Amino acid sequence: MASPLILPFVTEEAYARWAGAPQAVLCKAERVEGDAPQAFPQPEPNFYDLAPLDYEFPSVTLTTLRNVVVRGRSNILTTPEAILRHQLFNPVADLMPEDFYGRLAFAGDRNSGAWMPTDPFDVDYLPEAAAFTDGVAFNYAHWITEVLPRMAAFVREDAYASLPLIIDADLHENILRSIVLLAGPERVLHRLGPDQLVRVGVLHNVSPTGYVPFKLRPQSLDSICHGLFGPQALRQAVGQLRRTIGSKPADRSRPKLFVRRNSTLRRMVNEAEVEEALAAWGFVVVEPERLSFDEQVATYSGAGMIVGATGAAMANLVFCPPDCPAVVMMPRFRHTAYWYWRRMAAAAGAGPVLHVSGDQIDPTEDPYAPLAVHADFAVELGDVLEAVEATEALRR
């Protein structure tokens, strides 16, 4: 068997400068700002950064590349000269799916790498296309905030209306529905399985519109990325979806929703207790996985308040109107993107997000172990009710 081909591992931006690849700005750089967080119970000093939200998201660009290999379940592109990553990924601090699952191996400095010989492939060819495959595309939260907004920015360009979109083959029907709503039913979709490749003569690639690390390498706690989101692309996607399905926020009588989480990982073990207490306060239970995509957009667009445990279904808060606050219950675990939902909501123009934290039931010894963040947890009911009362005050 031939040795794997070792290539420089560089940002697409750096490669485009070197190769003279055309780049166009789809969304200008934007500042994301928000109030200081509210957390219950009040975290001890220095547990998390309690400063107001303030960061700049870089411009979103469209780069035209030639002779590029696109892999299923990966947004890492390969040209004859280099392996290309996006600029928000930090090779020192972050662990990408391709690395975690052993598909892509790096040299010690992580400035070069090679696709492993055990990475199966079935090569196809397209003369021209745009790529939207991603190692986390199957996850609803990542799809809604990281992949779909890239597609929204691209399909607005009339010059590329006839080009196929390369997507992953194993996407949930709700994700596929979001593509149809955004790109139109006539758009050609070229689907890649995780064991397939396609070589594209002319590839159009949109830079990140959102990012949160897949896994973390050991690092200082204050350097952990809690999520970065580009407001313009995210709001374009949300707005287009609302318009397409005819979803409009209702009046002040909008229901307060308790989002039930049905999962085998990171379960909130006293969810039933919280649900019962909130039902007495007039909350209506919603199970997003039982709703169609159109129903989810409409339900959250018409909500008055959202309360639920952390999980992919909470990504629907991007569809909430600005006067719909949310309470997200999470494990009290420092080695994670704790302010993820708050940052997402701020970029989407949704209502404020308050946090309730509770202890993990059986925490791992190594906080960077793959399942460390997924341990079950419990919250104090009193903390939840206090957060809901604080949230009610924001609605008045």
Meets criteria (out of contact with any helix residue (DSSP H, G or I) (no Cβ under 9 Å at 6 or more places or on another chain) and not in a helix (DSSP H, G or I)) for ALA369: yes
Qualifying residue in the stretch 51-58 (condition: of a type in the set (D, E, K, R), surrounded by 14 or more Cβ atoms within 10 Å (Cβ to Cβ), under 22 Å from the mean Cα position of the chain (by Cα) and over 26 Å from GLY201 (Cβ atoms)): no
Residue match in the stretch 182-194 (condition: under 19 Å from the mean Cα position of the chain (by Cα) and touching a residue at least 40 places away in the same chain (Cβ under 8 Å)): yes
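Which members of the stretch 175-201 meet the condition of being farther than 17 Å from VAL123 by Cβ and surrounded by fewer than 19 Cβ atoms within 10 Å (Cβ to Cβ)?
Initial filter on the stretch 175-201 (farther than 17 Å from VAL123 by Cβ): 175-189.
Within the stretch 175-201, LEU176, ARG177, VAL180, GLY184, PRO185, GLU186, ARG187, VAL188, LEU189 meet the criteria.
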Matching residues, the stretch 367-391, being exposed (fewer than 14 other Cβ atoms within 10 Å of the Cβ) and more than 25 Å from the chain's Cα centre (by Cα): GLY382, GLU389
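Against the definition (of a type outside the set (A, V, I, L, M, F, W, C) and within 23 Å of VAL136 (Cα to Cα)), how does ARG332 come out, yes or no?
Considered against the rule, which asks whether it is of a type outside the set (A, V, I, L, M, F, W, C) and within 23 Å of VAL136 (Cα to Cα), ARG332 comes out as no.
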Tally, over the stretch 124-145, of residues that are buried (at least 24 other Cβ atoms within 10 Å of the Cβ), within 8 Å of the chain's Cα centre (by Cα) and small (Gly, Ala, Ser): 0
Strands (runs of 3 or more DSSP E) contained in the stretch 57-139 and holding at least 3 residues touching an Asp or Glu at 6+ places or on another chain (Cβ under 9 Å) and outside the structural domain of ALA337 (by TED's automatic domain parsing): 60-71, 104-106
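Go through VAL274, VAL318, VAL307 for me and flag whichever is assigned to a strand (DSSP E or B) and in contact (Cβ under 8 Å) with a residue 60 or more places away in the chain. Explain how you work it out, then say what you get.
On the way: VAL274 fails: assigned to a strand (DSSP E or B); VAL318 fails: assigned to a strand (DSSP E or B).
None of the other options fit; the residue is VAL307.
Among the residues of the stretch 209-219 satisfying the criterion of being touching a helix residue (DSSP H, G or I) at 6+ places or on another chain (Cβ under 7 Å) and of a type outside the set (Gly, Ala, Ser), which is nearest to PRO149 (Cα to Cα)?
Here is the first cut: in the stretch 209-219, the ones touching a helix residue (DSSP H, G or I) at 6+ places or on another chain (Cβ under 7 Å) are 209-212, 214-215.
Those still in the list that are of a type outside the set (Gly, Ala, Ser) too: 209, 211-212, 214-215.
Numbers: THR209: 6, TYR211: 11, VAL212: 14, PHE214: 18, LYS215: 22 Å.
Among residues in the stretch 209-219 that are touching a helix residue (DSSP H, G or I) at 6+ places or on another chain (Cβ under 7 Å) and of a type outside the set (Gly, Ala, Ser), the one nearest to PRO149 (Cα to Cα) is THR209.
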Filtered residues of the stretch 58-83 (kept if in contact with a helix residue (DSSP H, G or I) (Cβ under 7 Å, 6 or more places away or on another chain), polar (S, T, N, Q) and under 23 Å from GLY227 (Cβ atoms)): SER74
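Condition check ((1) of a type in the set (A, V, I, L, M); (2) buried (at least 22 other Cβ atoms within 10 Å of the Cβ); (3) under 18 Å from GLU392 (Cβ atoms)) across all residues:
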{"residue": "MET305", "(1), (2), (3)": "yes, yes, yes"}
{"residue": "VAL318", "(1), (2), (3)": "yes, yes, no"}
{"residue": "PRO321", "(1), (2), (3)": "no, no, yes"}
{"residue": "ARG334", "(1), (2), (3)": "no, no, no"}
{"residue": "ALA345", "(1), (2), (3)": "yes, yes, yes"}
{"residue": "ALA350", "(1), (2), (3)": "yes, yes, yes"}
Failed condition for MET314, given (1) in contact with a Leu (Cβ under 7 Å, 6 or more places away or on another chain); (2) within 21 Å of LEU371 (Cβ to Cβ); (3) surrounded by 23 or more Cβ atoms within 10 Å (Cβ to Cβ): (1)
Hits in the stretch 252-271 (condition: assigned to a loop (DSSP other than H, G, I, E, B) and either of a type in the set (Phe, Trp, Tyr) or over 21 Å from the mean Cα position of the chain (by Cα) (or both)): ARG252, SER253, ARG254, PRO255, VAL269, ASN270
Lone unmet requirement of (1) within 18 Å of ALA137 (Cα to Cα); (2) touching a helix residue (DSSP H, G or I) at 6+ places or on another chain (Cβ under 6 Å); (3) among the hydrophobic types (A, V, I, L, M, F, W, C) for LEU265: (1)
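Report yes if PRO41 is in contact with a helix residue (DSSP H, G or I) (Cβ under 8 Å, 6 or more places away or on another chain) and at negative phi, otherwise no. Don't jump to the end; show me each part of the working.
On the way: in contact with a helix residue (DSSP H, G or I) (Cβ under 8 Å, 6 or more places away or on another chain): yes; at negative phi: yes.
Judged against the criteria, PRO41 is a match.
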Selection from the stretch 144-181 of residues that are in contact (Cβ under 8 Å) with a residue 60 or more places away in the chain and among the aromatic types (Phe, Trp, Tyr): PHE154
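The values are calculated or read from the model by the stated rules, or taken from the named source; none is laboratory data. Keep in mind that what you see is a predicted model, and the values were worked out from it rather than measured. Using ideal geometry, Cβ is built from the backbone for each residue, glycine included, and neighbour counts are taken over all protein chains shown.
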